[in-house]
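The values are calculated or read from the model by the stated rules, or taken from the named source; none is laboratory data. All of these numbers come straight from a predicted model, not from anything done at the bench. Methodologically, a virtual Cβ is constructed for each residue, glycine included, from the backbone with ideal geometry; neighbour enumeration extends over all protein chains shown.
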Amino acid sequence: MIGRRGVLAASAAAMVAPSVVSAQGGVERTLRVIPQANLTSVDPVWTTAVVTRNHAFMIYDQICAQDSKGEIQPQMAEGWTIADDQLSWTFTLREGLAFHDGERVLAKDAVASIKRWARRDPFMQVLIGNVAEVEALDDRRFRFRLHRPVPLLSMALGQTQFPCFVMPERIASTDAFTQIRETVGSGPFRFIAGEWNPGQRAVWAKNERYVPRQGAVDGLAGGRVPKIDRIEWTIITDPATSANAMSQGEQDYWEYPLHDLLPLLRRNREVVVQQRLLDGTYGVCRFNTLQPPFNNPAIRRAVAMAVDQRDYLRAVAGEDPAGWGVCEGVFTCGTALANESGSEILKTRSIERAKQALVAAGYKGEKVVLIAPGDYPQINALSLVTADLLQRIGMNVEFVSTDWGTLIQRRASKEPVERGGWSVFHTTSSGQALSLPVYHLFLRANAASAWFGWPDEPAIEQLRREWVQTGDPAESRRIAEQLNAKALESMYYIPLGFYWQPSAWRRNVTGVFRAPATVFWNIGKG
Amino acid sequence: MFAYVVRRVLATIPVMAIVALFVFSLLYIAPGDPAAVIAGDQATPDDVERIRASLGLDRPYLVRFGAWVWDIMRGDLGVSIFTNLPVSTMIRQRIEPTLSLMVVTLILAVSIAVPMGVVAAWRQGTWIDRAVMAFAVLGFSVPVFVVGYVLAYFFALEWDLLPVQGYTPFARGFWPWLENLILPAIALGSVYIALIARITRATMLEVLQQDYIRTARAKGLNQGGILFLHALKNAAVPIITVIGIGIALLIGGAVVTESVFAIPGLGRLTVDAILRRDYPVIQGVVLLFSFVYVLVNLAIDLAYTLFDPRIRY
């Protein structure tokens, strides 16, 4: 549909110029995108920001990648072989790979990139002790030499959570804690650094020399074909303005529309609203296990008895049950390790029983400080539900509303609440990050080294180590059930279920496919 | 006069030094940690510490302050912690949209508010006066973002006359530049119009009681000449003062307006930097705003001499 302004603008443009043409002479097609956040850094190793990872997917390529079923497939690699003793993996790169500056992609580039990434990736940190060396054998082949078999190696390299992107060796040799300045990759799009205005705009152009893998796109695996000439991200911080811009056709694609605005977008016949990401977003209520009252596991369990995940999910994603799902275990629902062993406590859903349990646990009115980020609507909604719930079961709650920047500093404090500490906070995570014990952040219970809240459960850590070593699916499942039961017995965090985060795009945007991350290859515009 | 200007410009140096010390100290004691933001949830405390060290955030207060002041004295505002871009580049990228918004708002507000105030004073007690005052109350009472949403709803969504959001640089043409600024300027200007209209009315009422106005009327001067040449010129000093003070209002209001209309200006840069704790950017922008405010005050003081020859420096 062309609006009044469109007609006027087209008439005016027709008088002064024939059309917008690209350097190649064809009409340039631009996909205008409202990303989920501002692109503040272009280094996907230096920061773990999802928006930076999405940028990196455009300009870099991966050695292997995750398909729509979660399996790892070769991407830059033609394939790999594993020695009979499983102590050596040899990868061979595809022919024709080239960086944006024209240089060939060589095995030494992959090796340098792996080494930099391995310094920061928590998954690889678990495996790295078993790796003796990563070395280039020739221009196209590189090898992992191992002390012990590492069955999860391809999974680590092909993961989506903290992907291993390949950069030129001269850039990848930068220290992993220092931000790189250059944006030279070998991916399907090139970053136009000169047009980057952080907070306003980021621009990519099609990499004309990109050689996609043969085969159909499947999740992040398969043929990554750049079908659009130019991608422009415009940072619009106000959700209502984003919705208006989508409705008026000023933008083509909105990555994370606010749930409250989905009905408005769905009423517009020119806009498609669909679930694009393969995983839901999981809510987490995290306790400080070092300080009263939540240093008492019985009190934590009492709170869990009052939790009804549906209340949380409605607060975040609305009344439509298609927009969310109950998941009463610590592993991502629908994945191989998902189970409800020991999850009965989360099915209590009773304020009265929680009150009784709280009294029986010996709660004496200690102050509970709940910190909530007012600038994160979803996490704030989760926090408000918990605050209400804690008050209803009779706890002495102080609700501290702050911004995310302050929250992440305060949550690092191990002090009592009277000295600036905290008792409870909430966060969210992609389902992908909770699917395996090896990178399940909230499951870790290694005391001072654990995530904020610092639970100390040696049995859980032991189970996790056993899981990393096992290659047997049945054994893996058995360990996962024990992990679920142990975690919910200790209840150092309460799983709050998951909600779907749909995306919205104009009807003339074609080829949108489901994937574990927001990527723009294979997408066209009519 | 020249000596006065030089004196005033030199006086900005201690003012800026105090502002710099204040801003730096405030950020130093404020909660928040950019290293934790960068490192993300998966990072270990050691990782966060290493990032903090690589950014120089682990150095003592005086060392950091000294290094920052030394850089500023050499004209270097530093580098953004997050983007790795020079702060001066980031400010340069953002200054045009904010300046454009402020100029258009200022022109719009003054050209509407001053005649409104003059007419209201001239027709004191009539329905015109009451209508102007009612508009002023409304302008003060309705928040900028509400005005913005209402304007966007009608002019962009319903009637499709103007864009919902965005900014087009002036270099790409006058109309594309202006069409993106009309709605934000009206939204931002609503408070400003109300303020100037009220002050103009009040000052004009006082001036219109003066003997020389009665004399002018007795001499047979037309009403327009009396109002705009004689009365308004004598009422100008307080109006100019309010316009100057209002520039501070515009800077504050621009933060909200830029968010509602997705204008990539300094207001949004400031808010984004504060939320991320991007200290060099916050410090650079606040210093710039302070400098602009000092200069605006100087310009207003100098403008007094144009309207009131009795004022000399």
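Note on region A:13-119: enclosed strands (runs of 3 or more DSSP E) holding 2 or more residues that are over 24 Å from A:Val509 (Cβ atoms) and at pLDDT 95 or above are A:72-74, A:77-82, A:88-93. Listed by position, the helices (runs of 4 or more DSSP H) contained in region A:307-417 that have at least 1 residues being among the hydroxyl-bearing types (Ser, Thr, Tyr) are A:309-317, A:377-392, A:404-410. Can you find a residue that is away from chain A (no Cβ under 12 Å), assigned to a helix (DSSP H, G or I) and more than 15 Å from the chain's Cα centre (by Cα) anywhere in region B:255-262? No - not one qualifying residue is present in region B:255-262.
The rows are residues; the columns are (1) without any contact (Cβ under 8 Å) to a residue 24 or more places away in the chain; (2) outside any loop (DSSP other than H, G, I, E, B); (3) not small (Gly, Ala, Ser).
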residue: B:Pro238; (1), (2), (3): no, yes, yes
residue: B:Val242; (1), (2), (3): no, yes, yes
residue: B:Leu250; (1), (2), (3): no, yes, yes
residue: B:Val271; (1), (2), (3): yes, yes, yes
residue: B:Pro280; (1), (2), (3): no, yes, yes
residue: B:Gly284; (1), (2), (3): no, yes, no
residue: B:Phe289; (1), (2), (3): no, yes, yes
residue: B:Ile300; (1), (2), (3): no, yes, yes
residue: B:Pro309; (1), (2), (3): yes, no, yes
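Condition check for B:Ile72 on (1) among the β-branched types (Val, Ile, Thr); (2) under 30 Å from B:Tyr192 (Cα atoms); (3) more than 12 Å from chain A (Cβ to nearest Cβ); (4) in contact (Cβ under 8 Å) with a residue 60 or more places away in the chain: one failure, at (2). Consider region B:41-61 and keep the residues that are part of a loop (DSSP other than H, G, I, E, B) and out of contact with any Asp or Glu (no Cβ under 9 Å at 6 or more places or on another chain). The one that is farthest from the other protein chains (Cβ to nearest Cβ) is B:Pro60.
Applying a threshold of 6 Å to beta carbon distances and a minimum spacing of six or more residues, or different chains, the list of pairs starting in region B:124-138 at a residue that is farther than 13 Å from B:Ser190 by Cα and ending at one that is among the basic types (Lys, Arg) reads B:Asp129/B:Arg123. Does any residue of region A:168-177 turn out to be under 24 Å from the mean Cα position of the chain (by Cα), crowded, with 19+ Cβ neighbours inside 10 Å, part of a loop (DSSP other than H, G, I, E, B) and not assigned by TED's automatic domain parsing to the domain that holds A:Glu103? No; the residues of region A:168-177 include none that is under 24 Å from the mean Cα position of the chain (by Cα), crowded, with 19+ Cβ neighbours inside 10 Å, part of a loop (DSSP other than H, G, I, E, B) and not assigned by TED's automatic domain parsing to the domain that holds A:Glu103. Kindly indicate the residue of region B:87-101 that is surrounded by fewer than 23 Cβ atoms within 10 Å (Cβ to Cβ) and touching a helix residue (DSSP H, G or I) at 6+ places or on another chain (Cβ under 9 Å) and also nearest to the other protein chains (Cβ to nearest Cβ) among those meeting that condition. My answer is B:Gln93. Restricting B:Val256, B:Val286, B:Val242 to residues that are closer than 27 Å to A:Ser242 by Cβ and crowded, with 18+ Cβ neighbours inside 10 Å narrows the list to B:Val256. All of (1) free of Cβ contacts under 8 Å to residues at least 60 places away in the same chain; (2) surrounded by fewer than 20 Cβ atoms within 10 Å (Cβ to Cβ) hold for B:Gln223 with one exception: (1).
When you look at A:Ala110, is it within 14 Å of another protein chain (Cβ to nearest Cβ), small (Gly, Ala, Ser) and either surrounded by fewer than 18 Cβ atoms within 10 Å (Cβ to Cβ) or closer than 24 Å to A:Phe177 by Cα (or both), yes or no? Criteria not met by A:Ala110. Of all residues in region A:138-193, those satisfying the criterion of being within 14 Å of chain B (Cβ to nearest Cβ) and more than 25 Å from B:Leu85 (Cβ to Cβ) are A:Ala156, A:Gln159, A:Thr160, A:Gln161.
Look at region B:148-162: where a residue is at positive phi and a partner is part of a helix (DSSP H, G or I), sitting 6+ places away or on another chain with Cβ atoms under 6 Å, you get B:Asp160/A:Arg4; B:Asp160/A:Arg5.
Take A:Arg410 and decide whether it is crowded, with 19+ Cβ neighbours inside 10 Å, out of contact with any helix residue (DSSP H, G or I) (no Cβ under 8 Å at 6 or more places or on another chain) and within 11 Å of chain B (Cβ to nearest Cβ). Taking the combined requirement at face value, the residue satisfies it. Scan region A:417-433 and report the pairs whose first residue is more than 17 Å from A:Pro455 (Cα to Cα) and free of Cβ contacts under 8 Å to residues at least 60 places away in the same chain and whose second residue is buried (at least 20 other Cβ atoms within 10 Å of the Cβ) and not hydroxyl-bearing (Ser, Thr, Tyr), with Cβ atoms within less than 7 Å and a gap of 6+ or a chain change. Listed pairs, sorted by first residue: A:Gly420/A:Arg410.
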